[in-house]
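Below you'll find the structure, written out as structure tokens, and then a few comments.
The values are calculated or read from the model by the stated rules, or taken from the named source; none is laboratory data. Model, not experiment: these values are computed from the prediction. Cβ sites come from the backbone with ideal geometry, for glycine too, and all protein chains shown count toward neighbours. Accessible surface areas use protein heavy atoms only, side chains included; no ligands, DNA or RNA. Shrake-Rupley method; radii C 1.70, N 1.55, O 1.52, S 1.80 Å.
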Amino acid sequence: MRASTSSDTGPGWDRWYDRLLVLVPWLLLPASTAIALTQTGQTWRDHAITLVLVGATAGWVYLGHTRVPPDRRRRTLPMLIYFAGLLTLSVALMARDVIFLLFAITGFFHAYQLRPWPLGAVGVLGTSIAINTMATAAPAATVQSLGTYLGVIVIQTVAISAGIVLAERSTRQHERRQQLVTRLEAALEENAGLHAQLLAQAREAGVRDERQRMAGEIHDSLAQGLTGIITQVQAAQRVWHSPTPAREDVDRAREDVDRAREHVDRALDLARESLDEARRSVQALQPRQLEAAHLPAALSELAQRWADDTGIAVRFDVTGEQVTLSPAIDVTLLRVAQEALHNVARHADASRVGLTLSYLTDVVLLDVRDDGRGMNGGSDQGFGLRSMGQRVRSVGGAMEIESGPAEGTAISVRVPAIPMLRS
């Protein structure tokens, strides 16, 4: 934008024309003076008077126009005073020698700088009257001579004043164009700043979202896996640290070793699964349970394995007509079920758990209920429940928690039944 503005013909023409207006009197005055001084029939006194008038005119032009800054030349009163003096001195010079009408043409040029434009037209009229009157002397009192005299003045005034009007209009258009360009540049700079700000905010939001996703994945997979590993290792330690049986109880000792080995094997399986889930979380892949099975089968496997690990009875039910849901919905419901069962194992001290998946017309419900000790502080308890709520809200769902001391806990999740898009 700046490049196009600098190459605009408007500013270049204005600078060139301003230099021309400064140069014109210094070209015409010396030329007129040289011609006047070379004419014969004049005395030294005549030459001296002419030179005095030329010097006065040169000083007036120099102080009133040449040395004046361009901004001051656009002021009305200083230019009116200067132009009146210029026209008076031009008439005086032409009275000495008509050849100075060459210099008087300067009035036509400098009239362009009178503002507003009607003053410029008056300046052109005054210059035309002075030149035509001094060049032809007083017109004869005939219709033809008077018509010629007035016609020349009118034509000169109209033709040159039209140029002043056009120049004034062009100047105004150029100024408006410059204002528009300035505003456009400011708007572009503002937009660039806003764009950079939006990009920075988007990057920050992306970082926050990714951190939240990784925190949720770590909590829902790695943390639960590590908890299961610790549980199995502790069970194996309890077997190993039991009193050493007598020699005749060798069979019982072997049974204890087998039971300890089962816990260690289960801990090893959980470690492998946790490592696999960690890799899948980093790669933003869906959980392993959902790769080879639909959501009901994945929840059934989850419930069975959780019951085997904790020894707590779980009943899993599916109601309604099953539909293949969007992967985002499947992952959300699976992770919510994992976290709910994890909380039951850690905090509820329950003996029974019910897990129900219900397919309705346009929504899917997931209910997890236990008969444990319940919660004393309401539903806003720790990172796990907050993470569950954020997951559910991210897919347009809602989560409700009902609990009370010694009354168990019921978690109900409602999500839209968004079907999986088929290619």
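Taking the stated definitions as given, is Gln179 out of contact with any Asp or Glu (no Cβ under 7 Å at 6 or more places or on another chain), over 19 Å from Gly107 (Cβ atoms) and of a type in the set (S, T, N, Q)?
So Gln179 passes the test.
Scan the range 87-98 for residues that are assigned to a helix (DSSP H, G or I) and touching a residue at least 60 places away in the same chain (Cβ under 8 Å) and jot them down.
Leu93, Arg96
Can you name the residue in the range 240-256 that is in a helix (DSSP H, G or I) and either at pLDDT 70 or above or open to solvent by 90 Å² or more (accessible area, probe 1.4 Å) (or both) and, of all such residues, is nearest to Gln338 (Cα to Cα)?
Ranking the qualifying residues of the range 240-256, first place goes to Trp240.
Those residues that are touching a helix residue (DSSP H, G or I) at 6+ places or on another chain (Cβ under 6 Å) and surrounded by 21 or more Cβ atoms within 10 Å (Cβ to Cβ), I need them from the range 315-332; list them, please.
Asp330, Thr332
Kindly check whether there is at least one residue in the range 87-97 that is over 15 Å from Phe109 (Cα atoms) and surrounded by fewer than 12 Cβ atoms within 10 Å (Cβ to Cβ). Before the answer, list the steps.
Restricting attention to the range 87-97, the residues satisfying the condition of being over 15 Å from Phe109 (Cα atoms) are 88-89, 91-97.
Filter again for surrounded by fewer than 12 Cβ atoms within 10 Å (Cβ to Cβ), leaving 95.
Yes, some residue in the range 87-97 is over 15 Å from Phe109 (Cα atoms) and surrounded by fewer than 12 Cβ atoms within 10 Å (Cβ to Cβ).
Confirm whether Gln338 is in a helix (DSSP H, G or I) and either on the phi > 0 side of the Ramachandran plot or open to solvent by 10 Å² or more (accessible area, probe 1.4 Å) (or both).
Yes, satisfied.
Being open to solvent by less than 40 Å² (accessible area, probe 1.4 Å) and in a loop (DSSP other than H, G, I, E, B): is that true of Gly372 here?
Judged against the criteria, Gly372 is a match.
When the residues of the range 37-53 are filtered to those that are β-branched (Val, Ile, Thr) and without any contact (Cβ under 8 Å) to a residue 12 or more places away in the chain, which remaining residue is most open to solvent (accessible area, probe 1.4 Å)?
Only one residue fits best here, namely Thr40.
Can you find, within the range 350-396, the residue that is modelled with the lowest pLDDT among those that are under 25 Å from Leu295 (Cβ atoms) and basic (Lys, Arg)?
Arg386
Only one of Gly120, Gly126, Gly41, Gly59 is out of contact with any strand residue (DSSP E or B) (no Cβ under 8 Å at 6 or more places or on another chain) and on the phi > 0 side of the Ramachandran plot; which?
Going through Gly120, Gly126, Gly41, Gly59 in turn, just one is out of contact with any strand residue (DSSP E or B) (no Cβ under 8 Å at 6 or more places or on another chain) and on the phi > 0 side of the Ramachandran plot: Gly41.
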